[in-house]
Amino acid sequence: MTLPSIAILGAGSMGRAILSGLLSPNVHVEGGIRVTNRSAEQAATFDNEPRVTALATSENAEANRLAVRGATIVIIGVKPYMVPDLLDEISDALELGAIIISVAGGVTTATLEAHLPERISVIRSMPNTPSKVGLGVTGVCAGSRSSDADLDLATRLFDTVGDVLVVPESQMDAVGAISGSGPAYVYYFIEALTKAGIAHGLTPEQADLAVRGTFRGAVELLAESGETPAELRRQVTSPKGSTERVIAVFDEADLPGLFVRATAASIARSQEMAAGN
Ligand SMILES: NC(=O)c1ccc[n+]([C@@H]2O[C@H](COP(=O)([O-])OP(=O)(O)OC[C@H]3O[C@@H](n4cnc5c(N)ncnc54)[C@H](OP(=O)(O)O)[C@@H]3O)[C@@H](O)[C@H]2O)c1
């Protein structure tokens, strides 16, 4: 895959996850990759990566403006509250035809566009942390000035770190609630099942091994078998067996309803944050 020149402004946890996809052997970035951070220490971590030019704003106040010069794709990887100031800072240094791709949670395309010249196209995205191992899920939506080609470019970019879901912006908070925050729920279930194992007499090490292996194995089986989750669950749930009792307890607690309520709380919070609260 070939992508045009890229600047990543804010190469922190998420910015580096995307970078790892861009540095994979089957990806070629024409014109190179520039990344920025505030601290020189962060910038120095790229010293042994010849494909990346790293700049620190603490050493060069013009770092972000220099990084976007010549860049076709500009990824905004700073914390959401920092985004408007960063866009104001780079606004008049952007190339004609540059595409801004923001990963900032809850920052709408309207907000992004309000801080950029009219000629600049904006794509909003919601990646998740498994992007770090190439197994991410990223939701993307177009802004009012983006073409299908811009959206296609963003899709190809996030394809380098996993799966991509193209949605209208009205569904971005739902994507955030399901896949954006989703890894946290998975770890929470892993923690809870591990505690249950310990409560039933396994050592912490035994419980940890049993639970990690079970989550990994179940997900791999789902991917490889091509079966639905319902069918794979049925295969473990013999009539009148012990698994059936577990599912009955989950159903009694309305676990599916709990998921809907929990993710609705996430969507409500995203809406509050978009409104500046
Ligand atoms: N982590 C996730 O699971 C996740 C998922 C989806 C979306 N996101 C989004 O990703 C964005 C970044 O989150 P993160 O977890 O990656 O945070 P992070 O690790 O703190 O990364 C932010 C980076 O921005 C740099 N930075 C701050 N101000 C800057 C400036 N003015 N110019 C250039 N660089 C600057 C910081 O550099 P220094 O370290 O030198 O200060 C840091 O490396 C957020 O908007 C978040 O909503 C994160």
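Quick note: the coordinates plus some simple rules give every number you see, no bench work behind them. Please read these numbers as outputs of a predicted model, since none were measured by experiment. Quick reminder, even Gly has a Cβ in these numbers, built from the backbone with ideal geometry, and neighbours come from all protein chains shown.
Consider all pairwise Cα distances in segment 1-127 and report the whole-number % of them above 20 Å.
Value for segment 1-127 (Cα pairs over 20 Å): 37 percent.
Rounded to two decimals, what ratio of Rg to Rh does the chain give with C-alpha atoms and a Kirkwood Rh?
1.04
What are the residues whose amide H is under 5 Å from the amide H of Ile99, where those residues sit 5 or more places off or on another chain and H is modelled from the backbone?
When sequence neighbours closer than 5 places are left aside, the close amide H contacts are Ile73, Val74.
Each residue of segment 147-157 in order: what ³J(HN,Hα) in whole Hz does its phi give by Karplus 6.51 cos²θ - 1.76 cosθ + 1.60, θ = phi - 60°, with x for Gly and Pro?
Computed from phi, the couplings for segment 147-157 are 8, 4, 5, 5, 5, 5, 5, 5, 5, 5, 4 Hz.
Along the Cα→Cβ direction, 7 angstrom out, place labels at Leu202 and Leu96. What is the inter-label distance in nm?
Reported label-point gap for Leu202 and Leu96 is 6.3 nm.
Does anything in segment 181-198 have its amide N under 18 Å from the 7 Å Cα→Cβ label point of Phe259, and if so which residues?
What the label zone holds, given the 18 Å backbone N cut-off, is 181-193.
Would you mind checking the radius of gyration and Dmax of segment 85-211 based on alpha-carbon positions, in Å?
Radius of gyration, then largest Cα-Cα span, for segment 85-211: 19.2, 64 Å.
With all distinct Cα pairs included, what does the Kirkwood hydrodynamic radius of segment 97-137 come out to in Å, to one decimal, could you say?
One over the average 1/r among Cα pairs gives 11.3 Å for segment 97-137.
List the residues, sorted by chain then number, that are 5 or more residues from Gly136 or on another chain and whose placed amide H is less than 5 Å from its amide H.
Ser131, Gly162, Asp163
I need two numbers for segment 169-277: Rg to one decimal and Dmax as a whole number, Cα atoms only, in Å.
Every Cα atom of segment 169-277 included, Rg and Dmax give 16.9, 52 Å.
Could you tell me what fraction of 2.2 N^0.38 Å the Cα radius of gyration of segment 89-158 comes to, as a two-decimal ratio?
1.12
Return one number: the angle in degrees, 0 to 90 and rounded to the nearest 10, between the long axis of the Cα atoms of helix 204-225 and the longest principal axis of the Cα atoms of the chain.
So the helix axis and the longest Cα principal axis differ by about 70 degrees.
Starting with the highest mean, order 231-240, 152-161 by the number of other Cβ atoms within 10 Å, averaged over the residues of each peptide.
The peptides rank, most packed first, as 152-161, 231-240.
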